[in-house]
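Below is one structure, written out as structure tokens; the observations come after it.
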Amino acid sequence: MNKCKVLCVMGTRPEAIKMAPLVLELRKRPEIDCRVCVTAQHREMLDMVLDLFGITPDYDLNIMTPSQTLCTIAARVISGMEGVLRDFAPDVTLVHGDTTTTAAGALAAFYCGALVGHVEAGLRTYDRRSPYPEEVNRMMAGAICELHFAPTENNRQNLLRENIREGITVTGNTVIDALKYTVRDDFAFRTAAAADAVASGRRIVLLTAHRRENFGRPHDNIFEAARQLALRFPDMVILYPVHPNPALNRRAHEMLDGIENIVLTKPLDTDEMHNLMARSTLILTDSGGLQEEGPALGKPVLVLRRETERPEAVAAGTVKISGTETDDIVRDASALLTDPVAYAKMARAVNPYGDGRACERIADAILFHFGLRDTAPADFTGR
Ligand code: UD1
Ligand code: UDP
């Protein structure tokens, strides 16, 4: 075999953050020709990450439109990828996670006859409507792909329950590899909101909220909780980098502007975000990625959702599901902000999601699959 041709597909901010260290690893391997296809389901938020990691896409489908729908995203990804797959003819196409880029990208690659690999495979809530549509996107990717890079043993077990038995490697989550790239003790913040919050010496509570199933009343409840917490704890500042979705952005500003210790900013560059997390007291979020990053950085995370597909850190006691009712969020956050013993219990650095070597294992597993390496990589065990 000549070089093994690997096509990495990504479309949104979280996919880029978690695929970027993998692209860098694959490009280090002399046996691999790695190309990057971005769907640009996200535009600015994707480009911020590509710039940070110094990645120039080989193919850019540039599909994003304001207030796009799931159907238009899927249709544009599938039709756009056909030409890319014909042009590069990859030996393996890698998709990541649970977005509509992931599911549609995997389907396009399969329809074009390619072998498909799923990075961050096997996460499940077993509720098809939550997270929506991500749970079903993941199941579709699982059904289509032949190589499954499961972050944890629990994720592998989920795949086995669906009779997916071949091609699984337990790798750890590549987001832990990304943190090694971004977090620095001497990091200098560029964005005024972040720099001012750190310089103020106040306790920082970092908030993010963007999930589709939380649109409407759940997000209103979350914003109301933020308002009440800000009034109750004037010694702290809530920093909220707001997702650019126009409707969500408008509502966040409507409900939270004008409160002295709540700061709304544009999305932060990922190196700023990770370093700000490392300097925060508490993280409130409905995001997936922050549930993995918080524990690795020793920061308690309250999940603003009814469930999680990432139960490992809940079991370890460093993440708690607070839900989307205002009173529950205020109660859980207040307990952590007032009770040092409760806080210390949750503020422990644990790494159930990885050891920073996930990308190495994925690259090794690909080489092994194509007979370019004698041994399969040892699974990540979390120990
Ligand atoms: C998507 C993913 C979600 C992931 C999230 C990460 C799906 C179905 N959802 O949801 O799993 O958690 O990304 O953030 O794939 N926009 C911009 N600039 C950007 C990005 C978005 O203006 O750089 C605006 C656009 O108006 C766009 C809207 O945000 O139409 C929504 O983006 P979209 O990708 O459809 O959904 P997300 O909520 O971001
Ligand atoms: N993130 C970022 N800048 C921000 C907010 C989040 O770089 O302003 C990072 C965050 O650290 C994590 C990822 O984006 O790595 C999470 O992405 P998001 O919340 O958009 O999606 P999810 O993980 O919920 O799919």
Angle in degrees between helix 44-53 and the longest Cα principal axis of the chain, rounded to the nearest 10: 70
Report the percentage of all Cα-Cα pairs in region 108-255 whose separation exceeds 28 Å, rounded to a whole percent. 44
Sequence-distant lysines (8 or more away, or on other chains) whose Cα lies within less than 18 Å of K180: K18, K28, K299
What list of ³J(HN,Hα) values in whole Hz, one per residue of region 371-383 in order, does the Karplus curve 6.51 cos²θ - 1.76 cosθ + 1.60 (θ = phi - 60°) give from phi, with Gly and Pro shown as x? x, 9, 8, 7, 10, 6, x, 5, 5, 6, 10, x, 9
The answer for chymotrypsin sites (Phe, Trp or Tyr not before Pro) in region 67-159 that fall in a DSSP coil and have at most 14 neighbouring Cβ atoms within 10 Å is Y126
For I238, the residues 5 or more places away or on another chain with a placed amide H closer than 5 Å to its own amide H are V205, I262, V263
Distances over 20 Å make up what percent of all Cα-Cα pairs in region 83-144? 24
Under the definition of Cα pairs under 8 Å and six or more residues apart, what whole-number percent is the relative contact order of the chain? 16
Whole-angstrom gap from region 159-184 to region 88-129, using each part's C-alpha centre: 14
Taking the alpha-carbon set of the chain, what are its Rg and Dmax in Å? 20.2, 65
Sort 307-313, 215-221 for me by packing, meaning the mean count of neighbouring Cβ atoms within 10 Å per residue, highest on top. 307-313, 215-221
Can you give the Kirkwood hydrodynamic radius for region 1-131, in Å, rounded to one decimal and based on Cα pairs? 14.8
Just in region 152-210: which trypsin sites (Lys or Arg not before Pro) are loop by DSSP and have at most 11 other Cβ atoms within 10 Å? R165, R184, R190
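In terms of the Cα gyration tensor, with a ≥ b ≥ c the square roots of its eigenvalues, is region 159-212 rounded because a/c is under 1.5, prolate because a/b exceeds b/c, or oblate?
Here region 159-212 falls in the prolate category.
Taking all pairs of distinct Cα atoms, average 1/r, flip it, and tell me the Kirkwood hydrodynamic radius of region 259-373 in Å to one decimal place. Mind showing how you got there, number by number?
Values: mean 1/r = 0.0634 Å⁻¹.
Its Kirkwood hydrodynamic radius stands at 15.8 Å.
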Using only Cα atoms and rounding to the nearest 10 degrees, what angle (0 to 90) does helix 100-111 make with the longest principal axis of the chain? 10
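So which GluC sites (Glu not before Pro) in region 201-276 end up in coil per DSSP with only 10 or fewer other C-beta atoms within 10 Å? Before the final figure, lay out the partial values.
Details: sites: E213, E224, E254, E260, E272; in loops: E260.
Answer in residue order: E260.
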Within a Gaussian network of the chain (alpha carbon springs, distance under 10 Å), most fluctuating of G113, G317, G258: G258
Over the Cα atoms of region 10-59, how large are the radius of gyration and the largest Cα-Cα distance (Dmax), in Å? 10.4, 33
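Readers should treat all values here as calculations from the given coordinates under stated rules, not as data from a laboratory. Small disclaimer: the values here were computed from a predicted structure and weren't measured. Cβ coordinates were reconstructed from backbone atoms using ideal geometry, including for glycine residues, and neighbour counts include every protein chain displayed.
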